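The structure appears right after this line, and notes come after that.
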Amino acid sequence: MFPVSQSYAPFAPASDGAPGADQAESGGDGVRSPARLALPQYAEVAVPVHVFQTFTYQLPHALRAEARVGARLLVPFGRKLITGYIVALYEELDPAIEFDAASIKQAEELLDAEPLLTPEVLDISGWIAEYYSAPWGEVLKGALPSGLNQTIEQMFAITSEGRMS
């Protein structure tokens with residue numbers, strides 16, 4: 001896989017079928033409730049700009065349950081919001097890595113209910129990016145159909161009523 005800038009273990013929910021992993025458990029009162037799963041707090045994101053690294057963003061509580069590797073995510077980058085691609089999810093950051101918690105920006109919006117990029121596309125795009133020395137985010141953008149990542153510009157105009165008041 002494409003080398004990343006961080007060295008911590010990716011998020012992978014347990015799915016071995018053991019009670020408490022991803023199945024419902026029954027309490028003493030006979031009422032079944034879903035088992036508590038650890039949700040990812042951070043997303044590693046490849047952005048379609050000319051940079052050769054990925055960036056870590058904190059996921060807001062509302063996005064943690066829905067975030068999936070391969071989905072598009074609206075993230076702040078510089079002074080604007082851009083569409084990035086989730087390439088890994090993490091429950092927590094590696095404590096050995098020194099960082100300022102305030103420097104990790106928060107993601108704004110999850111754009112896909114289901115991931116557009118499959119694990120196979122992520123693998124091959126990572127290889128392409130490494131082999132051709134291309135930014136991973138730009139390779140991922142090129143792997144998707146054109147028109148998916150068009151930007152929307154808001155235009156404001158003063159109406160005649162607005163001019164009169």
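Readers should treat all values here as calculations from the given coordinates under stated rules, not as data from a laboratory. Computed from a prediction, not measured in an experiment: that's the story for all the values here. All Cβ positions, even for glycine, are placed from backbone atoms using ideal geometry, and neighbour counts span all protein chains on display.
What the table shows:
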quantity: In nm, spacing of pseudo-spin labels at His50 and Met164 (7 Å Cα→C-beta vector); calculated: 5.1
quantity: Calculated FRET value between Leu81 and Tyr132, using beta carbons and R₀ = 25 Å, to 0.05; calculated: 0.35
quantity: In Hz, Karplus ³J(HN,Hα) per residue of region 101-118 (6.51, -1.76, 1.60; θ = phi - 60°; x = Gly, Pro); calculated: 4, 6, 7, 7, 7, 9, 5, 9, 7, 8, 8, 10, 6, 10, x, 7, 9, 7
quantity: For region 74-90, 3J(HN,Hα) per residue [Karplus equation, 6.51 cos²θ - 1.76 cosθ + 1.60, θ = phi - 60°, Hz, x = Gly/Pro]; calculated: 7, 10, x, 9, x, 9, 10, 9, 10, 8, x, 10, 6, 10, 6, 10, 9
quantity: Paramagnetic reach from Leu148 (point 7 Å along Cα→Cβ, amide N under 14 Å) across region 82-98; calculated: 83-87
